There are 2 protein chains.
Amino acid sequence: MRMNRQGMLIVLSGPSGSGKDTVLGELASLVDDLELSVSLTTRKRRPWEIDGTHYTFVGRAFFEEKLCNEEILEYTCYNGNYYGTPKNAVDDWLARGKTVILKIEVEGAARIRSLYPDCVSVFLLPPSLEALSQRLFARESEDEAEIARRMEIAKGELAHAKDYDYLILNDVLDYAVSDFRAIIRAERQKTCRREYMISEVLYHAEC
Amino acid sequence: MRMNRQGMLIVLSGPSGSGKDTVLGELASLVDDLELSVSLTTRKRRPWEIDGTHYTFVGRAFFEEKLCNEEILEYTCYNGNYYGTPKNAVDDWLARGKTVILKIEVEGAARIRSLYPDCVSVFLLPPSLEALSQRLFARESEDEAEIARRMEIAKGELAHAKDYDYLILNDVLDYAVSDFRAIIRAERQKTCRREYMISEVLYHAEC
């Protein structure tokens, strides 16, 4: 009776440096039936990133071909690079009852919400802009001008945070991960996802 | 920054024997800032019930006086007895940012939803009607005719379960309690309850 009869799509956004990858990395080993959609991107890989885990790093020509063939669910051009969600895997996972997490920018999230009105959207908040800036400096992968640019983008993204279903504050990592786990567990109890249980309770009595 | 700026009202319903008191008893020691509203009732106390904990047991004249004085938030007449929610405590707790749980019947829950549109409603499902009947027999406080009557009422209540935000299956107690905890934790991250955090993130950077 515990089976999830239908999948659940979760959209995760947050400024660069808010800790999306770290939170998702922890979550993956803690939640059953979870699939993390890996986005395609044409941007350069950062030193700590693993191809096929953080992103699938592809060339511009490859990405544009996928786009022409409608194999990209949503895409955005951010900071001069393409980021896109491959369509096939997401729909297959949902049909198999999985919980699928898409890590996407705010524009992509808006598009996914219109395509999948039942999706759950989560925005990861840094404790402050100062903390965000410090995290970007600690990465040592971007120069000062690039960080200043990312900070401006972050402010723009924060203005869209109010459009999300949930806000998770990523101050203490363990706490943020527990918050995210609770959201997934709670959303699985939503009546719209398990209304079938009511008739099962009534039916089982008559067996 | 973790402070809950406004309280949260949770309505819990479920058939007699679904385990509402047991689940709430466990929850009370596990969740911060939780207040359980104790209903007034004119029905007879069952042997295991504690006055002021499970219900506040009062006489019919006392209840009707409270009703006249508009000190009852909602009430229902169920199985020949009054059940009502005292108004003052609920509003005080909410103003102080507490999470307040009301254990009420389906008619009362509908009334609370119209009075407090932001409330979170949870329905506790027994694993089956058969299991429910066995739990009522195990109580040894009601005779067979009374149990048969409660089972008919239970079927009517289950027909309203679809109107609730969440369905928790109370098959394994620990699992049901963890589900409820997750719902409370998740609801506290809802954007509508913590939108103030967005401006705090932006503001803190400028200190």
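The values are calculated or read from the model by the stated rules, or taken from the named source; none is laboratory data. As the structure is a prediction and not an experimental result, all values here were calculated from the model. Glycine also receives a Cβ, built like all others from the backbone with ideal geometry; neighbour counts cover every protein chain displayed.
Within the option set A:Asn79, A:Asn88, being within 30 Å of A:Ile183 (Cα to Cα) and either out of contact with any strand residue (DSSP E or B) (no Cβ under 8 Å at 6 or more places or on another chain) or β-branched (Val, Ile, Thr) (or both) holds for one residue only, A:Asn88. Of the residues making up the stretch B:141-160, not a single one is at pLDDT 95 or above, touching a strand residue (DSSP E or B) at 6+ places or on another chain (Cβ under 6 Å) and of a type in the set (A, V, I, L, M, F, W, C). Among the residues of the stretch A:58-76, some residue qualifies, meaning at least one is within 17 Å of the chain's Cα centre (by Cα), surrounded by fewer than 20 Cβ atoms within 10 Å (Cβ to Cβ) and closer than 23 Å to A:Asp163 by Cα. Taking the conditions (1) aliphatic (A, V, I, L, M); (2) free of Cβ contacts under 8 Å to residues at least 40 places away in the same chain; (3) within 11 Å of chain A (Cβ to nearest Cβ) in turn, B:Ala138 satisfies each one other than (3). Among the residues of the stretch B:41-50, is any more than 21 Å from B:Asp163 (Cβ to Cβ), within 14 Å of chain A (Cβ to nearest Cβ), among the acidic types (Asp, Glu) and in a loop (DSSP other than H, G, I, E, B)? So far as the stretch B:41-50 goes, no, none of its residues is more than 21 Å from B:Asp163 (Cβ to Cβ), within 14 Å of chain A (Cβ to nearest Cβ), among the acidic types (Asp, Glu) and in a loop (DSSP other than H, G, I, E, B).
Suppose we filter the stretch A:186-201 for residues that are touching a residue at least 60 places away in the same chain (Cβ under 8 Å) and either more than 7 Å from every other protein chain (Cβ to nearest Cβ) or of a type in the set (Asp, Glu) (or both); how many remain? Spell out how you get there, then give the answer.
Taking the stretch A:186-201 and keeping what is touching a residue at least 60 places away in the same chain (Cβ under 8 Å), we get A:187-188, A:192-194, A:196-197, A:200.
Narrowing the set further to residues that are either more than 7 Å from every other protein chain (Cβ to nearest Cβ) or of a type in the set (Asp, Glu) (or both) leaves A:187-188, A:192-193, A:196, A:200.
Going through the stretch A:186-201 one residue at a time, the tally reaches 6.
Do we have A:Arg181 as within 30 Å of B:Val201 (Cα to Cα), charged (D, E, K, R), more than 7 Å from chain B (Cβ to nearest Cβ) and out of contact with any Pro (no Cβ under 8 Å at 6 or more places or on another chain) here? Yes; evaluated as a whole, the condition is true for this residue.
One residue alone among A:Leu169, A:Leu173 is more than 22 Å from A:Ser39 (Cα to Cα), modelled with pLDDT of 95 or more and either exposed (fewer than 15 other Cβ atoms within 10 Å of the Cβ) or more than 7 Å from every other protein chain (Cβ to nearest Cβ) (or both), and that residue is A:Leu173.
Hey, among the residues in the stretch A:149-166 that are more than 10 Å from chain B (Cβ to nearest Cβ) and within 26 Å of B:Lys190 (Cα to Cα), which one's farthest from the chain's Cα centre (by Cα)?
First, pick out the residues of the stretch A:149-166 that are more than 10 Å from chain B (Cβ to nearest Cβ): A:149-150, A:152-153, A:156-157.
Narrowing further to those that are within 26 Å of B:Lys190 (Cα to Cα): A:152-153, A:156-157.
On the way: A:Glu152: 21, A:Ile153: 18, A:Gly156: 18, A:Glu157: 14 Å.
Top of the filtered list is A:Glu152.
When the stretch A:60-89 is filtered for residues that are in a helix (DSSP H, G or I) and either hydroxyl-bearing (Ser, Thr, Tyr) or under 25 Å from A:Arg46 (Cα atoms) (or both), the ones remaining, listed by number, are A:Arg60, A:Ala61, A:Phe62, A:Phe63, A:Glu64, A:Glu65, A:Lys66, A:Leu67, A:Lys87, A:Ala89.
Checking A:Arg135, A:Arg60 one by one, the residue that is touching a Gly at 6+ places or on another chain (Cβ under 6 Å) and over 27 Å from A:Ala186 (Cβ atoms) is A:Arg135 and no other. Taken over the stretch A:100-119, the criterion of being within 9 Å of the chain's Cα centre (by Cα) and either over 11 Å from A:Leu12 (Cβ atoms) or not in a loop (DSSP other than H, G, I, E, B) (or both) is satisfied by A:Val100, A:Ile101, A:Leu102, A:Lys103, A:Ala109.
Answer with yes or no whether B:Glu146 is surrounded by 15 or more Cβ atoms within 10 Å (Cβ to Cβ) and more than 10 Å from chain A (Cβ to nearest Cβ). Break it down stepwise before answering.
Values: surrounded by 15 or more Cβ atoms within 10 Å (Cβ to Cβ): no; more than 10 Å from chain A (Cβ to nearest Cβ): yes.
Spelling it out, it is not the case that B:Glu146 is surrounded by 15 or more Cβ atoms within 10 Å (Cβ to Cβ) and more than 10 Å from chain A (Cβ to nearest Cβ).
I'm trying to understand the selection: among the residues of the stretch A:120-148, which are within 17 Å of the chain's Cα centre (by Cα) and either in a helix (DSSP H, G or I) or of a type in the set (Gly, Ala, Ser) (or both)? Spell out how you get there, then give the answer.
The initial filter retains those residues of the stretch A:120-148 that are within 17 Å of the chain's Cα centre (by Cα), namely A:120-126.
Selection gives A:Ser121 alone.
Can you confirm whether the stretch B:182-205 contains a residue that is surrounded by fewer than 14 Cβ atoms within 10 Å (Cβ to Cβ), over 18 Å from the mean Cα position of the chain (by Cα), at pLDDT below 90 and not small (Gly, Ala, Ser)? Within the stretch B:182-205 (the criterion being surrounded by fewer than 14 Cβ atoms within 10 Å (Cβ to Cβ), over 18 Å from the mean Cα position of the chain (by Cα), at pLDDT below 90 and not small (Gly, Ala, Ser)), the answer is yes, since at least one residue qualifies. Within the stretch B:97-113, not a single residue is facing chain A (nearest Cβ under 10 Å) and either without any contact (Cβ under 8 Å) to a residue 60 or more places away in the chain or exposed (fewer than 14 other Cβ atoms within 10 Å of the Cβ) (or both). Scanning the stretch A:142-164 turns up no residue that is in contact with a His (Cβ under 8 Å, 6 or more places away or on another chain) and charged (D, E, K, R).
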